[in-house]
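The values are calculated or read from the model by the stated rules, or taken from the named source; none is laboratory data. Treat the numbers as computed from the prediction; the structure is a model and nothing was measured. Here the Cβ is made from the backbone with ideal geometry for all residues, glycine too, and neighbour counts use every protein chain on show. Calculation scope for accessible area: heavy atoms of the full protein, side chains included, ligands and nucleic acids excluded. Shrake-Rupley method; radii C 1.70, N 1.55, O 1.52, S 1.80 Å.
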Amino acid sequence: MTEAARAAASSPSGLSGQSAVDDLVALLDLERIEENIFRGVSPAESPVRVFGGQVAGQALVAAGRTVPVERRVHSLHSYFIRPGDPRVPIVYEVDRIRDGRSFTTRRVVAVQHGKAIFTLSASFQLEEQGNEHSSEMPPVPSPESLPTWTEQAEGYQLHSSKFPRPIDVRYVTEPPWESREDGPGEAASRVWMKADGKLPDDPMLHICVMTYASDMTLLDGVLAKHGVYWGLDKVLGASLDHAMWFHRPFRADEWLLYDTSSPSASGNRGLATGRFFSQDGQLVATVVQEGLIRVLNDR
């Protein structure tokens, strides 16, 4: 692993702010151990399994490092196969599927203990000009006018409170840990989010940080619809698959509105869709995920 990643993996970081962002950047700086093989690590302070956004972000880094910089990633499709073990490194094996005139395709397999834990396919494209249109951003208050995640989580025994949070999240809608007190609600969530510090001027890094952040709050609408929340109710959950489309350039250290909703839940699976808007109203990315959500019994 790189020296920066080794430091991030071996010692606790600050819970938020620039130090947490610097550690996230270090964790995304994979070590190349062969032409198409990379190695990544998890933070010193981690949940019992690797955060899905981390493995997705690292896998996209691995894919991007085998593609010319002038080709920008425009989509990814991935599956979470097994829980990741945060105590050991993750090996990312890149398959160079195709290098065409305009498009490049890569497939990445993340491996631990000799088994695949995650797969990702990503497509990259040379920049082209053409027709444009975009959905409109919904009217929302400014992020600066909203309380921080820490302020809104105060008084609740949330499991995620003890882990570093390199992403600043501000809820526009009522957080699901609060709305659950009133029972089932709307299957939707809106938050402002951004890296909680300054990122380097690397467009691919900003996309990988967004990929990391996109796994946060995405299933909130599923939980809110049924009036439950992680750790406060007997809910077991995991990301099953994750797809993203990147429409326009953006910076992940500037505010992005993450507008998410859940159109369906069945078979202990919840489907969630999300749209990222820049603060000037541009739709910059779209996300779809299905998650495993098992509510064991009533509260």
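Below 9 angstrom from the Cβ of residue 97, what's the summed charge of the other residues (Lys, Arg +1; Asp, Glu -1)?
Numbers: positive: 96, 98, 106, 107; negative: 95, 99.
Residues near residue 97 contribute +2 overall.
Label zone of residue 70 (point 7 Å out along Cα→Cβ, amide N under 18 Å): in region 90-110 this covers 99-105. Taking amide H as placed 1.01 Å from N in the peptide plane, the amide H of residue 247 sits under 5 Å from that of 285, 286, each at least 5 places away or on another chain.
Do any trypsin sites (Lys or Arg not before Pro) in region 122-230 lie in a loop, going by DSSP, with at most 15 other beta-carbon atoms within 10 Å of their beta carbon, and if so which? Mind dumping the intermediate values first?
On the way: sites: 162, 170, 180, 190, 194, 198, 225; in loops: 198.
For trypsin sites (Lys or Arg not before Pro) across region 122-230 that sit outside H, G, I, E and B with at most 15 neighbouring Cβ atoms in 10 Å, the list reads 198.
Distance from the Cα centroid of region 137-154 to that of region 233-299 is 18 Å (rounded to whole angstrom).
Under the 0.36 nm per residue contour assumption, what length would be gained going from the current alpha-carbon distance of residue 93 and residue 125 to full extension? Walk me through the numbers before you get to the answer.
Working: separation 32, 0.36 × 32 = 11.52 nm, distance 2.12 nm.
Taking 0.36 nm per residue and subtracting the Cα distance, the gain is 9.4 nm.
The angle separating the long axis of helix 52-64 from the principal Cα axis of greatest extent in the chain is about 20 degrees. In the context of the full protein assembly, residue 91 retains an accessible surface of approximately 40 Å², using a probe radius of 1.4 Å and ignoring ligands and nucleic acids. Any chance you could give the angle, 0 to 90 degrees and rounded to 10, that helix 18-27 forms with the longest Cα principal axis of the chain? Approximately 50 degrees, to the nearest ten.
At a threshold of 8 angstrom on Cα-Cα distance, excluding pairs fewer than six apart, so keeping six or more, what relative contact order does the chain reach in percent?
Details: 682 pairs, mean separation 52.4, N = 299.
Relative CO of the chain lands at 18 percent.
Please check the chain for the longest run free of GluC sites (Glu not before Pro) that are loop-located per DSSP (anything but H, G, I, E, B) and have at most 16 other Cβ atoms within 10 Å. Don't skip to the answer; put the middle values down first.
Values: sites that count: 35, 45, 70, 127, 128, 132, 136, 154, 186, 254.
The reported range is 187-253.
What does the extension gain come out to for residue 198 and residue 269, with contour length at 0.36 nm per residue minus their alpha carbon separation? Between residue 198 and residue 269, full extension yields an extra 21.9 nm.
Measuring only protein heavy atoms, the 1.4 Å probe finds residue 206 accessible over about 0 Å².
Compute the helix-to-body angle for 203-214: its Cα long axis versus the longest principal axis of the chain, expressed 0 to 90° and rounded to tens. Compared with the principal axis, the helix lies near 30 degrees.
Residue 156 sits with roughly 60 Å² accessible to a 1.4 Å probe, with DNA, RNA and ligands left out of the calculation.
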